[in-house]
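The values are calculated or read from the model by the stated rules, or taken from the named source; none is laboratory data. Everything numeric in this text was worked out from a predicted model, so none of it was measured. Cβ coordinates were reconstructed from backbone atoms using ideal geometry, including for glycine residues, and neighbour counts include every protein chain displayed. Note: areas computed on protein heavy atoms with side chains; ligands, DNA, RNA excluded. Shrake-Rupley method; radii C 1.70, N 1.55, O 1.52, S 1.80 Å.
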Amino acid sequence: ADYNAVLDMPDAPAEQKARALGNLGWARYVAGDLQGSVAASEQALALKADMDWVQANLGLALLRLRRTDEGLRHYREAIGAITQPAELDRIVVTDLRDAMKADPGLPGAEAVLEMVERRKGELAARQS
C-alpha cells in the first residue's frame, strides 16, 4: 500500500508519516493484528496527536485487546475532538458496531456509544 512508500521516505514530512502510520494501524487492525495496530497508531499519534480517527482506531484495537481503560481514554480524546455528528458515526460508531458483532459483549463498547450520544447532545445544544 502507499503508506509503505511514505514510511520508506527518510525526508517525508511528519504529518504525512503520521497519516501513513495511521493508515498502517487500520490495515493491521483489519488484518487481525491488534498489537501491530496499536503500535502503528501510537507511533502516528506521537508524530501528530490531533488525529481523531487514529485516536478512535487505537481505542477500538485496545478494547479488542481487553485494555478497556486505555481504549476508553483514546475514545474520549477522539469523541471530544469531533465537532460534526455525522463524523461521530463515520469515525466511531460504524467500526465499533462491526466490532461488537464480531466480539459480542466487547468490554467498554456500550460506554463508548454513551459517550457518542452525549457528544451529539452537546453539539446539538450548541447549534440551537
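What to note about this one:
- Fraction of alpha-carbon pairs over 13 Å apart in the range 88-128 - percent: 54
- Separation of the Arg66 and Asp2 label points, Cα + 7 Å toward Cβ, nm: 3.9
- Against the criterion of solvent-accessible heavy-atom surface with a 1.4 angstrom probe, Asp50, Asp98 sort, most first, into Asp50, Asp98.
- Among [x] 153; [y] 116; [z] 99, the entry derived from the coordinates for volume of the Cα convex hull per residue in Å³: [z]
- Heavy-atom accessible area with a 1.4 Å probe sorts Thr94, Thr68, largest first, into Thr94, Thr68.
- Per-residue SASA remark: Arg97, around 120 Å² accessible (1.4 Å probe; ligands, DNA and RNA not included).
- Residue order by solvent-accessible surface for Arg67, Arg118 is Arg118, Arg67, largest first, with ligands and nucleic acids left out and a 1.4 Å probe.
- Among the protein heavy atoms of the range 22-78, carbon and sulfur supply 47% of the accessible surface, probe 1.4 Å, non-protein parts ignored.
- Based on protein heavy atoms only, the range 46-128 ends up with 53 Å² per residue of surface accessible to a 1.4 Å probe.
- When the Cα positions of Met115, Ala31, Ala44 are compared along the charge dipole of the chain, Met115 comes out farthest toward the positive end, with charges on each C-beta of Lys, Arg, Asp and Glu.
- Ordering of 52-59, 121-128, 110-117, 34-41 by burial proxy (mean other Cβ atoms within 10 Å per residue, highest first): 52-59, 34-41, 110-117, 121-128
- Set of lysines near Lys120 by C-alpha distance (under 30 Å), chain-local residues within fewer than 8 positions excluded: Lys48, Lys101
- Over the residues of the chain, the helix contribution to mean residue ellipticity at 222 nm works out to -23500 deg cm²/dmol, using -39500 (n - 2.57) for each DSSP H run of at least 4.
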